[in-house]
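Take this structure, written in structure tokens, and hold onto it; I'll ask about it next.
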Amino acid sequence: MAPLFILSGPSGCGKSTVIRTLLASEPDRPLRLSVSATTRKARPGEEHGVHYWFWQRDQFLQEVEAGAFLEWAEVYGNCYGTLQREVGPYRQQGIGVILDIDTQGARQVKQQCPDAIRILLRTSSMSAYEERLKKRGTETEESLQRRVAAAQRELDRAADYEYTVINDDLETAVAALRKIIERLFPKD
């Protein structure tokens, strides 16, 4: 069975950018990003089924009841989750799967998939998170402060992870992530 990589890190650490850059640079490696389901509204440029499965709350909760999720949580009033069908079938076909999830979700997945490899992505300073979140232009001051506090809580879980990658420079971070993946999931 192909590996399951969990990439976690605080908002603003660059998870989406690092994953997108890695996957674009590895077109021959059988590796995919799992598409999570969420009840939040799509941001400009986000597409249903590409960036997330954007669902109504009742649909999400029906899927929870049906046991469709590997992990799920409610965060800032919205539900997020990893669907079993986005992971298991691909791994069985020899395709490695990357999850972009928070530390809470990573703990849930690790309980169900003990072979999952957890990688914490972070910047070298808390001020870098705050600056990146401000640049997004999507946060109020209140939500910004809430996310910075959440970032610290996530970083406090660093010991739970097998690997840590610092993302102060995109190319360096992608190279470090690629090295971990190549070691654990070599190309044939």
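The values are calculated or read from the model by the stated rules, or taken from the named source; none is laboratory data. Since the model is a prediction, treat every value here as computed from it, not as a measurement. Using ideal geometry, Cβ is built from the backbone for each residue, glycine included, and neighbour counts are taken over all protein chains shown.
So E63 ticks every box in (1) part of a helix (DSSP H, G or I); (2) out of contact with any strand residue (DSSP E or B) (no Cβ under 7 Å at 6 or more places or on another chain) but one. Which box is left unticked?
The one condition E63 does not meet is (2).
Looking only at region 154-188, count every residue that is of a type in the set (V, I, T) and not in a strand (DSSP E or B) and tell me the total.
If we filter region 154-188 for residues that are of a type in the set (V, I, T), which is where we start, we get 164-166, 172, 174, 180-181.
Then keep just the ones that are not in a strand (DSSP E or B); that gives 172, 174, 180-181.
So the answer is 4.
Does A150 satisfy the condition of being in a helix (DSSP H, G or I), surrounded by 12 or more Cβ atoms within 10 Å (Cβ to Cβ), of a type in the set (A, V, I, L, M, F, W, C) and under 16 Å from the mean Cα position of the chain (by Cα)? It would help to see each step written out before you state the result.
Values: in a helix (DSSP H, G or I): yes; surrounded by 12 or more Cβ atoms within 10 Å (Cβ to Cβ): yes; of a type in the set (A, V, I, L, M, F, W, C): yes; under 16 Å from the mean Cα position of the chain (by Cα): yes.
In short, yes.
Let's see how each residue does on (1) of a type outside the set (A, V, I, L, M, F, W, C); (2) surrounded by fewer than 18 Cβ atoms within 10 Å (Cβ to Cβ); (3) closer than 24 Å to N167 by Cβ:
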{"position": "V64", "(1), (2), (3)": "no, yes, no"}
{"position": "Y76", "(1), (2), (3)": "yes, yes, yes"}
{"position": "Q112", "(1), (2), (3)": "yes, yes, no"}
{"position": "R122", "(1), (2), (3)": "yes, no, yes"}
{"position": "S127", "(1), (2), (3)": "yes, yes, yes"}
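Which is touching a helix residue (DSSP H, G or I) at 6+ places or on another chain (Cβ under 8 Å) and over 22 Å from A151 (Cα atoms), of L7, L31, L23? Show your work before the answer.
Details: L7 fails: over 22 Å from A151 (Cα atoms); L23 fails: touching a helix residue (DSSP H, G or I) at 6+ places or on another chain (Cβ under 8 Å).
Every option except L31 fails the conditions.
Please go through region 113-130 and pick out each residue that is of a type outside the set (G, A, S) and in contact (Cβ under 8 Å) with a residue 40 or more places away in the chain.
Taking region 113-130 and keeping what is of a type outside the set (G, A, S), we get 113-115, 117-123, 126, 129-130.
Within region 113-130, C113, D115, I117, R118, I119, L120, L121, R122, T123, Y129, E130 meet the criteria.
Condition (residue is crowded, with 16+ Cβ neighbours inside 10 Å, of a type in the set (D, E) and at pLDDT below 95) applied to region 157-169: is it met by at least one residue?
no
Here's another thing I want to ask about it. Looking only at residues in region 36-63 that are in contact (Cβ under 8 Å) with a residue 40 or more places away in the chain and touching a Phe, Trp or Tyr at 6+ places or on another chain (Cβ under 6 Å), which one is farthest from Y90 (Cα to Cα)?
Checking each candidate, the answer is T39.
Out of the residues in region 1-34 that are in contact with a Phe, Trp or Tyr (Cβ under 6 Å, 6 or more places away or on another chain) and closer than 21 Å to G77 by Cβ, state the one that is surrounded by the most Cβ atoms within 10 Å (Cβ to Cβ).
P10
Oh, and also: Would you please list the contacts, defined by Cβ atoms under 8 Å and residues six or more apart or on different chains, that run from a residue in region 172-184 that is touching a residue at least 40 places away in the same chain (Cβ under 8 Å) to a residue that is of a type outside the set (A, V, I, L, M) and part of a helix (DSSP H, G or I)?
From region 172-184, the pairs are V174/T21; V174/S25; R178/S25.
Which ones in region 26-38 are under 15 Å from P186 (Cα atoms), at pLDDT 95 or above and not in a strand (DSSP E or B)?
P30
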